[in-house]
1. Considering only the stretch 308-334, state which residues are free of Cβ contacts under 8 Å to residues at least 40 places away in the same chain and surrounded by 22 or more Cβ atoms within 10 Å (Cβ to Cβ).
2. Considering every residue within the stretch 352-366, establish whether at least one is of a type in the set (D, E, K, R), in contact with a helix residue (DSSP H, G or I) (Cβ under 9 Å, 6 or more places away or on another chain), closer than 21 Å to residue 470 by Cα and not in a helix (DSSP H, G or I).
3. Which residue, of 260, 222, 266, 251, is in contact (Cβ under 8 Å) with a residue 60 or more places away in the chain and out of contact with any Cys (no Cβ under 6 Å at 6 or more places or on another chain)?
4. List pairs: first residue in the stretch 85-100 and under 25 Å from residue 122 (Cα atoms), second residue of a type in the set (Lys, Arg) anywhere in the structure, Cβ distance under 6 angstrom, at least six positions apart or on different chains.
5. Checking residue 241 against (1) buried (at least 19 other Cβ atoms within 10 Å of the Cβ); (2) within 30 Å of residue 220 (Cα to Cα); (3) free of Cβ contacts under 8 Å to residues at least 60 places away in the same chain, which test does it fail?
6. Is the stretch 298-305 home to any residue that is surrounded by fewer than 21 Cβ atoms within 10 Å (Cβ to Cβ) and touching a residue at least 60 places away in the same chain (Cβ under 8 Å)?
7. Taking the options 61, 89, name whichever one is at pLDDT 95 or above and closer than 17 Å to residue 143 by Cα.
8. Please find, within the stretch 546-565, the residue that is surrounded by the fewest Cβ atoms within 10 Å (Cβ to Cβ) out of those that are touching a Leu at 6+ places or on another chain (Cβ under 9 Å) and under 19 Å from residue 460 (Cα atoms).
Amino acid sequence: MNEKFEFLKTVTPFNLLPDEVLQGVSDLLQEVHHTKESIIYLQDSSKMRSVDIIVAGEYELFFYDSEQNKRLPDHRKSGYCYGGSSILLNRKRSIRTVIAKKGTVVYSLHRKEFIALCQAYEGFFHFFTAEYGRRMLDEEYAHFVRPSNTATENYIAADQLYSRKLETIEPRDIVACTGDTPIFEAAKTMVWHKISCLFIQNQHAQITGYVTDLTLRNNVVARQVDVTRPVREIMDQPIISISDQAFVYEAILLMFQTRARYLLIANSKGYSGFISRNKLLSSLAQSPFMFIQSVKLARSVQELRQKWQKVPSIVYQLLDRGVKSEIVNQVITTVADTIAVTVIEGVIEEMGPPPAKFVFMVLGSEGRKEQTLKTDQDNAIIYEDKANEQREMVREYFLQFASTVSERLDTIGFSFCEGGFMAKNSKWTHSLSHWKRNYRTWMEESDPEAVLKVATFFDCRYLFGEEAIMDELKVFLHEELENPHHRFLHHMAQNALQYEPPLTFFKNIKTFSKGSQQVFNLKKTMTPIVDLVRAYALRNRIFKTNTGERLQALTAMGVFTEKEQQELLQGYYYLMGMRLKKQAIQIIDDKAEPDNFIDPKTLTKIEQVTLKEIFKVISDFQTKIRVGFMNTLY
């Protein structure tokens with residue numbers, strides 16, 4: 001008798017089956033190994049393709065509530081069978097969320113074989129229905145066992161993805177060689193260790209690059225490079241790393257943003273290992289990140305337009321499951337970035353290589369990674385300075401390039417900027433030296449129009465091209481801001497203070513008429529936080545663009561207290577979440593263009609009270625600016 005057979009004889013209800021049947025079942029079992037903290041199933045979402053019998057290790061079973069807390073946690077070890085009730089009584093969807101602990105091994109029996117056993121053996125079938133019935137007598141358990149409230153495609157693989165840190169994931173060991181190693185020896189090392197990524201070290205044992213199967217194909221075979229040459233000559237760069245304290249979603253977004261396929265995992269002692277994008281995505285087959293991967297594979301403008309049209313549904317589902325709005329912002333921004341980069345690469349392929357190094361940068365809310373579903377284009381181009389005889393040719397290329405990119409983005413769904421802050425506008429496509437003059441002029445003029453331009457162009461973020469050009473511009477701005485610009489910063493703060501939170505003297509929400517409704521503008525309500533945090537960042541020469549990241553940096557410098565930072569961040573992202581959800585509903589349900597207006601009467605009492613508290617926090621913040629910031633500028 002084999003081990004699987006002997007083991008099944010100890011497992012209820014398989015021990016109810018005749019020996020000859022059990023022998024046949026044992027031959028059908030597939031042995032599956034799970035890594036530490038692997039999310040195996042998600043409640044009412046994951047489709048059960050098999051029942052799992054735990055051989056070694058442990059399954060943790062629980063429900064998530066709306067606050068992402070674990071409810072009714074249960075731990076099951078060797079001999080437990082999971083999935084039978086889910087297949088039979090829950091539309092083949094997992095009733096509970098299941099996480100495997102370290103060293104878990106299970107025997108997997110395919111769903112169709114399990115159902116055949118249920119049809120043939122009443123006692124076997126009755127075990128699962130009886131177990132389900134007993135559990136349903138528990139009111140709390142019954143509360144969570146309910147049909148999904150949406151018939152639309154679900155893109156969320158696991159809510160825990162947004163609260164799970166990289167330290168819970170087992171990284172792969174780093175295999176490295178020196179940069180002097182011949183290419184063919186490096187390839188042999190990869191074959192010997194059965195790896196697809198080999199890291200390259202310098203003489204100080206610092207990792208400086210890496211080689212993958214694609215590297216060997218593109219940089220060696222395709223170019224017919226001598227394989228006895230040093231591997232450092234063909235290695236890929238740069239090396240991208242992330243802390244093991246970062247969240248899984250941050251790692252995935254970083255990979256998409258940097259186009260990296262591998263990330264080194266850093267801890268207090270150095271690098272603990274590395275992780276591949278494929279490994280992270282393989283367990284997230286229905287996640288928003290797999291959707292981003294599908295966007296990367298799209299090529300035509302029509303395909304990209306179809307992808308962008310799916311984003312509102314993803315946004316609504318994420319928010320509805322309690323995912324933080326700052327994470328949702330990042331998902332939207334990453335999708336938008338991926339689409340823009342795909343368009344840019346397509347236009348370059350059509351027009352031919354650019355005649356100069358350049359940077360395509362995004363501005364405004366996209367520059368801050370705070371995009372909503374009511375979005376337009378805000379972008380600009382900086383290209384390297386060229387000799388006089390080449391200037392016109394270079395400029396003509398980039399203006400045509402910008403116009404084509406902008407028109408395609410408009411077709412996809414990113415409308416033209418009403419204020420004209422786009423690279424297709426000749427004002428915003430220039431050489432690096434011209435851009436430096438722009439920034440210096442705006443800071444010296446200090447009039448309202450100059451303030452608006454700096455507000456837009458200080459929120460600039462690299463998207464495509466030669467990042468060193470962007471770095472040079474930041475160095476220039478850092479040096480410029482070392483000089484006193486009191487009047488300019490005064491106007492920046494004054495401009496931000498003109499927006500008042502919509503709160504009346506009697507602490508009611510102040511509204512205005514829009515059609516038949518009384519509404520207030522969510523975007524304008526958030527503006528004081530964005531503008532004032534930007535003003536502080538400018539004064540302290542902080543070149544982060546995201547409002548949350550700026551606040552954290554300012555708090556680290558002692559500009560804000562921890563309490564002030566938390567109040568502002570919580571208020572800002574609460575308003576952002578409300579804004580995103582409203583826009584998603586307008587697009588999905590109303591088939592209407594999204595806006596930023598909301599009628600307080602449509603909100604619950606709790607939401608209204610929360611809003612009033614947030615408005616008070618913003619008002620107190622503005623008072624602090626008037627007292628502290630403004631008085632120190634002259």
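The values are calculated or read from the model by the stated rules, or taken from the named source; none is laboratory data. Just so we're clear, the structure is a prediction, and the values are computed from it rather than from any experiment. Quick reminder, even Gly has a Cβ in these numbers, built from the backbone with ideal geometry, and neighbours come from all protein chains shown.
1. Scanning the stretch 308-334 gives a single hit, 333.
2. Yes; the residues of the stretch 352-366 include at least one that is of a type in the set (D, E, K, R), in contact with a helix residue (DSSP H, G or I) (Cβ under 9 Å, 6 or more places away or on another chain), closer than 21 Å to residue 470 by Cα and not in a helix (DSSP H, G or I).
3. Answer to the selection: 251.
4. Hits for this filter: 87/111; 92/47.
5. Checking residue 241 against (1) buried (at least 19 other Cβ atoms within 10 Å of the Cβ); (2) within 30 Å of residue 220 (Cα to Cα); (3) free of Cβ contacts under 8 Å to residues at least 60 places away in the same chain, the one that fails is (1).
6. Within the stretch 298-305, one or more residues are surrounded by fewer than 21 Cβ atoms within 10 Å (Cβ to Cβ) and touching a residue at least 60 places away in the same chain (Cβ under 8 Å).
7. One residue alone meets the criteria, 61.
8. Among residues in the stretch 546-565 that are touching a Leu at 6+ places or on another chain (Cβ under 9 Å) and under 19 Å from residue 460 (Cα atoms), the one surrounded by the fewest Cβ atoms within 10 Å (Cβ to Cβ) is 552.
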